[in-house]
Amino acid sequence: MEINPLDSVEARPSRLNASVALTVALLSTVMGVCKVKDDNIVQAMEQAQADRLDQWSFYQARNIREEIAKSTVTQLELEAQAVPPAQAPAYQQAIARYRALVEDEETKKKAVEKQARQDEETYNDLNYRDDQFDLSDALVAVAISLLAVTAVTHKRWLFWTALVPTVLGVLMGMAGLMGWHLHPDFLTQMLS
């Protein structure tokens, strides 16, 4: 029985191609699952951003109402000094009413500000996870590109090189899916 050297050469690329195909299938699945979750997070980010903007608009409206009420109190206090004593109680009632309005608007303004800041925090938390999915997508794309070149060139070392972004991409995808606190800030800042 003779050993045909071509048989062993053909078997290697065949096993390598099977490994490449299996890895690409795994990466495609991970990418698909992460994409669904990432799209949901992006929708939640858009909602949080809209809510935040609405709350800051309400805050500004409350602030304007408060400032107008303060101005009215000042105006009424100045006018009350020049009116006859018989009209003074009416001015004092109006002043008290507008002071109550100032306090009410200030209280409501603080509540709206608190909600706006909470919406901003929600947005930032979601953006953190969105960054994880974005990094996962980028790393998986690099891995698939390297695997495609591996399938063409049949270079085993290139397959092992492709496993580095593969592992990192899957890790970042899992971090996004599981809510792990894994976030390479330097990389996301560089890419944003």
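Annotations
- Shape of the chain, Cα gyration tensor, a/c cut at 1.5: prolate
- Gained length - LYS37 relative to ALA96, 0.36 nm times residue gap less alpha-carbon distance: 15.8 nm
- Here the stretch 54-77 and the stretch 149-192 have alpha carbon centers that stand 53 Å from each other.
- ARG156, ARG65 arranged by Cβ crowding within 10 Å, fewest neighbours leading: ARG156, ARG65
- Formal net charge of residues neighbouring ARG99 (Cβ-Cβ distance under 12 Å; K, R +1; D, E -1): -4
- Rounded FRET efficiency, nearest 0.05, which uses the C-beta distance separating ALA111 from ALA61 and R0 of 22 Å: 0.95
- Here the sum of -39500 (n - 2.57) over DSSP H runs of 4 or more residues, divided by the residues of the chain, equals -33500 deg cm²/dmol at 222 nm, to the nearest 500.
- If you model the stretch 141-186 as an ellipsoid using its alpha carbon gyration tensor, with each semi-axis the square root of five times an eigenvalue, the axes come out at 26, 9, 8 Å, biggest first.
- Two-site label geometry, ALA50 and ALA25: point separation in nm, points 7 Å out along Cα→Cβ: 4.1 nm
- Taking a ≥ b ≥ c as the square roots of the eigenvalues of the alpha-carbon gyration tensor, the stretch 59-122 is classed prolate because a/c is 1.5 or more and a/b outweighs b/c.
- When each of ASP39, ASP134 is scored by the number of other beta-carbon atoms lying within 10 Å, the sequence from fewest to most is ASP39, ASP134.
Since every read-out is calculated from the coordinates, none of them should be taken as a lab result. Since the model is a prediction, treat every value here as computed from it, not as a measurement. As a convention, Cβ positions derive from the backbone with ideal geometry for all residues, glycine included, and neighbour counts pool all protein chains shown.
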